[in-house]
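Before any comments, here is the structure.
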Amino acid sequence: MNISVIGTGYVGLVTGTCFAETGNKVICVDIDEKKVARLSSGKITIFEPGLEKLFERNSKEGRLQFTTSLADGIRNAQVIFLALPTPPDGDGYADLNFVLGVADNLGKLLKKGDYKIIVDKSTVPVGTAEKVHNIIVQSAIEAGIENPEKLFDVASNPEFLREGVAVDDFMKPDRVVIGTSSEKAKDILGQLYSPFVRQGNPVIYMDEKSAELTKYAANAFLATKISFMNEIAQLCERLGAEVDMVRKGMGSDERIGRRFLFPGIGYGGSCFPKDVKALSKSAQQADYNFRILEAVMEVNEKQKVHLLPKIKSYFKNDLTNKHIALWGLAFKPNTDDIREAPALKIIEELISHGASVTAYDPEAMANIKREIGDKISYAENQYDVLKGADCLVIATEWSEFRTPDFDKIKSLLKSAAIFDGRNLFDLQQMKEEGFHYESVGRAVVKGEA
Ligand SMILES: NC(=O)c1ccc[n+]([C@@H]2O[C@H](COP(=O)([O-])OP(=O)(O)OC[C@H]3O[C@@H](n4cnc5c(N)ncnc54)[C@H](O)[C@@H]3O)[C@@H](O)[C@H]2O)c1
């Protein structure tokens, strides 16, 4: 099948590459000329495990191409995926300008005799498929195209991939959701996805609005699980319970499940924060006060700075001239994405209290340098960052941080103190190693190294 993907960011590049991998001919379109030049010259633009190999193979074999021209990109495409940004606008609503702007241009490019399916993969509020449909019709009519309704269908196909395991998620999705009222679109999209669901995972067909809401409901529910567990962690600290035990105890209940129950310093990334906010705003627009979501967001904001009072108290409420080493900048491991990363908030707070920060992250250093430049300093690896630091703060649970050389850490830090926002280490071990160790929802270890 000939496919076009508009927007070649995290979702677009993974989508395009994975569809090429199953034999389709894919053209990815982006307005970012540098990005397109880089991708066209065979260089990948994001870090995502497993993606580079597929990208190289499919680019070499001519199944994956890149262009800045929308007209060239969609000319022969039967299916056009929109993987465009939907950032929050000033009030927290999803900004649809990117999606609707492209829809407007697509209308002008429809041709007599064509049939194209325009598929919304971006996370968009309920009613967007209808808006996209209407805009395409309107702009086609303005361009003098007759009966444009016959030339295309619109479908909603929200994407559930997780950064860090995006290729696996795309190649073996738990489910594929397709929202469309067109039988033809349903058949074609079903065929396109059939190689990805051979193990029997469902393709769930529904109407456009339900598909649009499904994506927000899924993300908001997961964010709620995280905030709920962070509230339990807060209680554990106050009541002397151990959150790891509580987590295991409750997670073993099949109705609850083990995943997404890990407390920490809050969720971040390009999706949960904006999607929870956008759903809450959509609810308001529909005259409904979705109270849980307000609490989920409030808890998350507080949780990002959960470690700060602990660090301050350790240094007797004076962080001036304290030098802090930071492990982890990405909003989660296995990605270089720093959008809404809790590490950014921690850095801001530490600096505003007079401390200086040196950071290390396996993949996100370039992005953070672009974002905050020389506000902090940077180290080459997880040990260099510790040299002369007063303590270590952990913000991202990269695997390589999980079993470090504790003797080396002690020898490099001025005082053997670790503030761990991701609960990486065993409390007993930290005691034996002699660290002062504070984490989330667990007892404080007051070691004496
Ligand atoms: N990142 C994720 O993990 C994830 C997961 C599921 C769903 N989503 C949703 O998918 C959508 C895209 O997210 P993303 O993370 O890939 O965004 P992104 O910012 O990484 O990529 C968007 C791309 O679109 C390009 N673009 C902007 N305007 C354009 C235009 N007019 N024509 C062509 N290209 C244009 C940008 O240059 C950029 O490369 C969002 O709605 C997001 O909520 C994201």
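Just to be sure before I move on: is Val124 within 16 Å of the ligand (Cβ to nearest atom) and aliphatic (A, V, I, L, M) in the structure I sent? It is true that Val124 is within 16 Å of the ligand (Cβ to nearest atom) and aliphatic (A, V, I, L, M).
When the residues of the range 392-418 are filtered to those that are more than 21 Å from the chain's Cα centre (by Cα), part of a strand (DSSP E or B) and among the β-branched types (Val, Ile, Thr), the one that is farthest from Glu438 (Cα to Cα) is Val393.
Cβ separations smaller than 6 Å between residues 6+ apart or across chains give the following pairs from the range 403-426 residues that are in the same structural domain as Trp327 (by TED's automatic domain parsing) to residues that are surrounded by 21 or more Cβ atoms within 10 Å (Cβ to Cβ) and of a type in the set (Asp, Glu): Phe419/Glu438. Taking first residues from the range 283-296 that are free of Cβ contacts under 8 Å to residues at least 24 places away in the same chain and partners that are in a helix (DSSP H, G or I) and aliphatic (A, V, I, L, M), the Cβ contacts under 9 Å between residues at least 6 apart in sequence or on separate chains come to Ala283/Leu293; Asn289/Ala283; Phe290/Ala220; Phe290/Leu279; Phe290/Ala283.
Here is a yes/no grid of residues against (1) within 15 Å of the ligand (Cβ to nearest atom); (2) modelled with pLDDT under 95:
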| position | (1), (2) |
| --- | --- |
| Val276 | yes, no |
| Leu279 | yes, no |
| Val296 | no, no |
| Glu301 | no, no |
| Tyr314 | no, no |
| Lys322 | no, no |
| Thr335 | yes, yes |
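Can you pull out the residues in the range 319-370 that are in contact with a helix residue (DSSP H, G or I) (Cβ under 9 Å, 6 or more places away or on another chain), more than 13 Å from Phe419 (Cβ to Cβ) and of a type in the set (Lys, Arg)?
First pass over the range 319-370, keeping only residues in contact with a helix residue (DSSP H, G or I) (Cβ under 9 Å, 6 or more places away or on another chain): 319, 322, 324-331, 333-351, 353, 355-362, 364, 368.
If we keep only those that are more than 13 Å from Phe419 (Cβ to Cβ) too, we end up with 329-331, 333-341, 344-345, 347-348, 351, 353, 356, 358-362, 364, 368.
Arg339, Lys345 - these are the residues of the range 319-370 that are in contact with a helix residue (DSSP H, G or I) (Cβ under 9 Å, 6 or more places away or on another chain), more than 13 Å from Phe419 (Cβ to Cβ) and of a type in the set (Lys, Arg).
A Cβ distance below 6 Å, combined with a sequence gap of six or more or placement on separate chains, defines the contacts here; from the range 358-374, residues that are modelled with pLDDT of 95 or more reach residues that are crowded, with 22+ Cβ neighbours inside 10 Å and of a type in the set (Val, Ile, Thr) in the pairs Thr358/Val385; Tyr360/Val385; Ala364/Ile338; Asn367/Ile338; Ile368/Ile338.
Of the residues making up the range 115-126, those that are touching a Lys or Arg at 6+ places or on another chain (Cβ under 9 Å) and surrounded by 15 or more Cβ atoms within 10 Å (Cβ to Cβ) number 5.
Listed by first and then second residue, the pairs linking a residue in the range 19-39 that is over 17 Å from Val102 (Cα atoms) to a residue that is aromatic (Phe, Trp, Tyr) and part of a strand (DSSP E or B), with Cβ atoms under 8 Å apart and 6 or more places separating them unless they lie on different chains, are Val36/Phe66; Leu39/Phe66.
Against the list (1) more than 16 Å from the ligand (Cβ to nearest atom); (2) outside any helix (DSSP H, G or I); (3) surrounded by fewer than 18 Cβ atoms within 10 Å (Cβ to Cβ), the condition Asp174 fails is (1).
With outside the structural domain of Ser282 (by TED's automatic domain parsing), loosely packed, with under 15 Cβ neighbours inside 10 Å, touching a helix residue (DSSP H, G or I) at 6+ places or on another chain (Cβ under 6 Å) and not aromatic (Phe, Trp, Tyr) as the only criterion, which of Ala143, Ala129, Ala155, Ala166 stands out? Don't jump to the end; show me each part of the working.
Numbers: Ala129 fails: loosely packed, with under 15 Cβ neighbours inside 10 Å; Ala155 fails: loosely packed, with under 15 Cβ neighbours inside 10 Å; Ala166 fails: loosely packed, with under 15 Cβ neighbours inside 10 Å.
Every option except Ala143 fails the conditions.
Comparison of Ala359, Ala330 shows that the only residue that is part of a strand (DSSP E or B) and assigned by TED's automatic domain parsing to the domain that holds Phe406 is Ala359. If you go through the range 40-74 and keep only what is more than 10 Å from the ligand (Cβ to nearest atom), in a loop (DSSP other than H, G, I, E, B) and in contact (Cβ under 8 Å) with a residue 60 or more places away in the chain, you end up with Phe47, Pro49, Gly50.
Residue under question is Glu130, and the condition is that it be more than 16 Å from the ligand (Cβ to nearest atom), under 29 Å from Asn423 (Cα atoms), among the charged types (D, E, K, R) and part of a helix (DSSP H, G or I); does it hold? For Glu130, the condition - more than 16 Å from the ligand (Cβ to nearest atom), under 29 Å from Asn423 (Cα atoms), among the charged types (D, E, K, R) and part of a helix (DSSP H, G or I) - is not met.
Could you pull out the residue among Ser181, Ser139 that is under 22 Å from Thr214 (Cα atoms) and among the small types (Gly, Ala, Ser)? It is Ser181. Evaluating Glu163 against the criteria (1) part of a helix (DSSP H, G or I); (2) within 16 Å of the ligand (Cβ to nearest atom) leaves one unmet condition, (1).
Has the range 55-77 got at least one residue that is touching a Phe, Trp or Tyr at 6+ places or on another chain (Cβ under 8 Å), of a type outside the set (A, V, I, L, M, F, W, C) and assigned by TED's automatic domain parsing to the domain that holds Asp120?
Residues of the range 55-77 touching a Phe, Trp or Tyr at 6+ places or on another chain (Cβ under 8 Å): 64.
Narrowing further to those that are of a type outside the set (A, V, I, L, M, F, W, C): none.
No: zero hits.
For every residue, the table says whether it meets (1) among the small types (Gly, Ala, Ser); (2) within 16 Å of the ligand (Cβ to nearest atom); (3) not in a helix (DSSP H, G or I).
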residue: Thr86; (1), (2), (3): no, yes, yes
residue: Ile117; (1), (2), (3): no, no, yes
residue: Lys150; (1), (2), (3): no, no, no
residue: Pro158; (1), (2), (3): no, yes, yes
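Tallying residues that are in a loop (DSSP other than H, G, I, E, B) and within 15 Å of Pro404 (Cβ to Cβ) within the range 371-388 yields 5.
Specify the residue that is farthest from the chain's Cα centre (by Cα); the eligible residues are those in the range 167-224 that are among the aromatic types (Phe, Trp, Tyr) and within 21 Å of Ile292 (Cβ to Cβ). The selected residue is Phe221.
Quick grid of which residues meet (1) within 16 Å of the ligand (Cβ to nearest atom); (2) closer than 20 Å to Val177 by Cα:
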residue: Gln78; (1), (2): no, yes
residue: Ala103; (1), (2): yes, no
residue: Asn134; (1), (2): no, no
residue: Val137; (1), (2): no, no
residue: Glu146; (1), (2): no, no
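When Ala103, Ala94 are screened for being under 29 Å from the mean Cα position of the chain (by Cα), crowded, with 19+ Cβ neighbours inside 10 Å and closer than 19 Å to Arg75 by Cα, only Ala103 passes.
The values are calculated or read from the model by the stated rules, or taken from the named source; none is laboratory data. Please read these numbers as outputs of a predicted model, since none were measured by experiment. Quick reminder, even Gly has a Cβ in these numbers, built from the backbone with ideal geometry, and neighbours come from all protein chains shown.
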